[in-house]
Structure formats: C-alpha cells, structure tokens
Amino acid sequence: MIDPLAHVRELFDLDDDVVYLDGNSLGAPPRNVAARVQEVVREQWGRRLIRSWSEGWWEAPERVGNRIGRLIGAGPGQVVVADSTSVNLFKALMAAVRNTDRSEIVVDAGTFPTDGYVARSVAELTGLALRPAPPEELDLRDTTAVVLLNHVDYRTGRLLDMAELTRQAHAVGAKVVWDLCHSAGVLPIELDALGVDLAVGCTYKFLNGGPGSPAFIYVPKHGQAGFEQPLTGWTGHEVPFAMDPEYRPDPGVSRARVGTPDIISMLALDAALDVWDHVSLTDVRAKGLALTARFRDLVEPLPGVEVITPADEWRGHQVSLRHPEALRLVDELVEHGVIGDHRPPDVLRFGFAPLYNTFDEAERAATTLAKLL
C-alpha cells in the first residue's frame, strides 16, 4: 500500500521491535527534540541565563501557539500555549458564562472525566445547572449558556460533526467550547471557518510534545475583548513588567496566559512541531483512515471481539475493541511488543499516529492479538 508519509517515520526516535499504538495517550518523540532540549538547558539557560527571557522565551507561548493554530484552522494571534488542558478548560468555561443571564451548561454525556469534573466545578461556582446530554440529543434551549463537546470520543473514537453542532449551539444563542485533545494533529480542523467560540487541547498526544507538555487555548480575534477569564495572573497583564497593582488584561490572546511559562517543556514542544513543517494534514487524515480501516478489517472477525469505533469516516485515528478480558489482553500484548491501552471496564484502545505508524505495524498488532485470542 502506498504511504505518502513513510519518510516521516525517520524523523522519530522509535524502537522497530515495538509496535507503538498509544500515540493517542502519549506521542512518540521526534529525533530532534533531545538535541533541542540539551541546547536550551546548556546554552539558553546555562550560558544566557536570565537574558534568554528577552531573547525569545517570553514570546514562546504565542509563537508556539501560532504553529499549532496552523494545524487547527486558526489564524495568527488566536492560540496561546499555556498551563494544562484542565486549567484552560476552566478559563474557557468561566469566560463563556460570565455575565450570562442563562441558566445551564450542557456537557457531552460521554465526556472525558476531567472535562466533566471541571464543568461541574464551573456550574457550582456560578450557580448554573449542569446538564449532561448525548451529542445526538443535546436539546439546546434559550436557557443554554455554553456547550462543552469532545471532538473525538476518547473511549470509542467517534468523531463529532463540529460544523453541525456549532451551528446548533449558535442557533439558540449559546456558545460552544470544543476539546480537541484527540483530534489536534490527526485531521483537518477549521476553527475560524466554523465560527467556534473557544477551544482547548493538549499537545502530548498526536502533537508529540512530550509528557506533561503545555496545553493550548484558542480565543478568536472577535471574542478576545470579551474574554474575561478568572485566573488573572501577571503574564496575562497588558504590561506584565509594569508591576501594576491593578489588573489590565492584554488586548489579545495573551490575556489567556496566567503564570510563568514552563520554558523547557514549551521549547521541547516547539522542536516537536518541526515534523509538521512539510506535512499535509490531508495526507495525515487519509493515511489515518486507511490504517484504522486495515486494522479494523483484521480484528473484526476475531472471537469475542466487538469493534465499538464507527466504521464510517466519523471516527478519529483509533480503533476501540470491547472484550471481557480487555485488561489481560492489553498486558499480554505489551509483553509481545504491541503497546495499546485499556479503558475500564472492557475496552482495548489502539491509537494510530499516521506520522510514524505503518501498515505493517497494523498487521503485526492484529496478528498478535489473534494469537492471544
């Protein structure tokens, strides 16, 4: 099978004896990251010391944010890299419901747990009701202030129709916040074109930023003046080094910043993003669909296995299987050099990162699973 991205695998530091299908939890490291981190520690920190803050460190959250923006359909000056997904989600939801006269927050009933936890905290802090609802039956009303949705379901891999669900929210005057953790770096996303209000996402999955790498938040230009987030830290100030006792937010996306950025992780992420400089997201999406389709064809006939990932194109780049002995199977697969993961109670997940996973690996993984069954 022709693979237009076969050459990109060489940009990653991978063990050919291992089939790594967990990039939807932690992406593999690009080869250039280790050298870049060493340079940051030895030269920028070790030699330039505090001078590095004025030699590129301070602007890194916006600079790296623009690089991610290109991958999610956001023009310059609308994405900033900062904090964690959970913290950015709290900022986004609080900003979305500030000064609202509406009474409810709607959240995807199958959402990733942290999204649900944060949404509940926001509801409790603001006095709004929290209403979980399946994406196909949101039942949005004129009392809905904001809708929180996961672009790709972390458990099943189902892909939601961002255009249609954003339209539904706007039709009743509600805002929408999208969690892109399982779609950024996987498929073409058009935040600007679709008029998305706010979005957040992590960078350590398909963007390969490394464990604990900082997350991102998208605030479109037209919404920045009204983005009043609750964590008014000094780096979000209009003039941070004025040490002004009164908080005046930056007029742009930098108002979404809070505290001092994690420079070493930030610049490791910056290095990791180099692999995207000559890659087409259209090619990434096409290969991801082909990889998952090939794997699905091989595992669907296996005894006791139920494929719960959609068979059509409304899926991300993972294949999730249900089996009563899922945990045992995942552990045994790891012993045989195939790394996927388990989600309780009975789901095996296999994430396919088109930049480095191959069709041979999809077949090796399926063959190994078949032998174990």
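The values are calculated or read from the model by the stated rules, or taken from the named source; none is laboratory data. This structure is a prediction, so every number in the text was calculated from the model and none was measured. Positions of Cβ are backbone-derived with ideal geometry, glycine not excepted, and every protein chain shown enters the neighbour counts. Please note that ligands, DNA and RNA were not included when accessible areas were found on the heavy atoms of the full protein model with its side chains. Shrake-Rupley method; radii C 1.70, N 1.55, O 1.52, S 1.80 Å.
Quick rundown of the values:
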item: Residues that are under 14 Å from Val347 (Cα atoms) and either of a type in the set (Phe, Trp, Tyr) or open to solvent by less than 80 Å² (accessible area, probe 1.4 Å) (or both), drawn from region 300-318; result: Gly304, Val305, Val307, Ile308, Thr309, Gln318
item: Filtered residue count, region 214-261, keeping only those that are within 19 Å of Gly201 (Cβ to Cβ) and of a type in the set (Ser, Thr, Tyr); result: 2
item: Which numbered condition Ser54 misses (of (1) closer than 21 Å to Trp234 by Cα; (2) touching a residue at least 60 places away in the same chain (Cβ under 8 Å)); result: (2)
item: Any chance Phe295 is open to solvent by less than 40 Å² (accessible area, probe 1.4 Å), over 19 Å from the mean Cα position of the chain (by Cα) and not aliphatic (A, V, I, L, M); result: yes
item: Selected residue (criterion: nearest to Thr235 (Cα to Cα)) from residues of region 95-111 that are surrounded by fewer than 19 Cβ atoms within 10 Å (Cβ to Cβ) and not charged (D, E, K, R); result: Asn99
item: Cross-chain or 6+ apart pairs with Cβ under 7 Å, region 326-350 first and over 17 Å from Arg296 (Cβ atoms) and modelled with pLDDT of 95 or more, then open to solvent by 50 Å² or more (accessible area, probe 1.4 Å) and in a strand (DSSP E or B); result: Asp346/Arg322
item: Residue within region 205-219 that is in a helix (DSSP H, G or I), polar (S, T, N, Q) and under 27 Å from Arg255 (Cα atoms) present; result: no
item: Matching residues in region 345-363 - criterion: being of a type in the set (Asp, Glu) and open to solvent by less than 40 Å² (accessible area, probe 1.4 Å); result: Asp346, Glu361
item: Number of positions in region 246-256 that are under 12 Å from Phe227 (Cα atoms) and part of a loop (DSSP other than H, G, I, E, B); result: 3
item: Condition check for Ala366: over 15 Å from Asp17 (Cα atoms), more than 20 Å from the chain's Cα centre (by Cα) and either of a type in the set (Phe, Trp, Tyr) or open to solvent by 10 Å² or more (accessible area, probe 1.4 Å) (or both); result: no
item: Number of positions in region 268-278 that are under 15 Å from Ala28 (Cβ atoms) and open to solvent by 20 Å² or more (accessible area, probe 1.4 Å); result: 1
item: Residue in region 45-60 that is open to solvent by 10 Å² or more (accessible area, probe 1.4 Å), among the hydroxyl-bearing types (Ser, Thr, Tyr) and within 23 Å of the chain's Cα centre (by Cα) present; result: no
item: Region 152-209: number of residues that are open to solvent by less than 20 Å² (accessible area, probe 1.4 Å) and charged (D, E, K, R); result: 1
item: Helices (runs of 4 or more DSSP H) wholly inside region 21-134 containing at least 2 residues that are among the hydroxyl-bearing types (Ser, Thr, Tyr); result: 85-97, 113-126
item: Filtered residues of region 351-373 (kept if of a type in the set (A, V, I, L, M), over 30 Å from Asp277 (Cα atoms) and in contact (Cβ under 8 Å) with a residue 60 or more places away in the chain); result: Ala366, Leu369, Ala370, Leu373
item: Filtered residues of region 79-94 (kept if open to solvent by 10 Å² or more (accessible area, probe 1.4 Å) and over 20 Å from Tyr204 (Cα atoms)); result: Met94
item: Residues located in region 134-151, provided they are farther than 17 Å from Ala95 by Cβ and either touching a Cys at 6+ places or on another chain (Cβ under 6 Å) or surrounded by 15 or more Cβ atoms within 10 Å (Cβ to Cβ) (or both); result: Pro135, Leu138, Leu140, Thr143, Asn150, His151
item: Residue check, Lys205 touching a residue at least 40 places away in the same chain (Cβ under 8 Å), in contact with an Asp or Glu (Cβ under 6 Å, 6 or more places away or on another chain) and not acidic (Asp, Glu); result: no
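Residues are listed down the side, and each one gets a yes or a no for (1) under 22 Å from the mean Cα position of the chain (by Cα); (2) assigned to a strand (DSSP E or B):
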site	(1), (2)
Gly304	no, no
Thr309	yes, no
Leu327	no, no
Asp331	no, no
Val334	no, no
His342	yes, yes
Ala353	yes, no
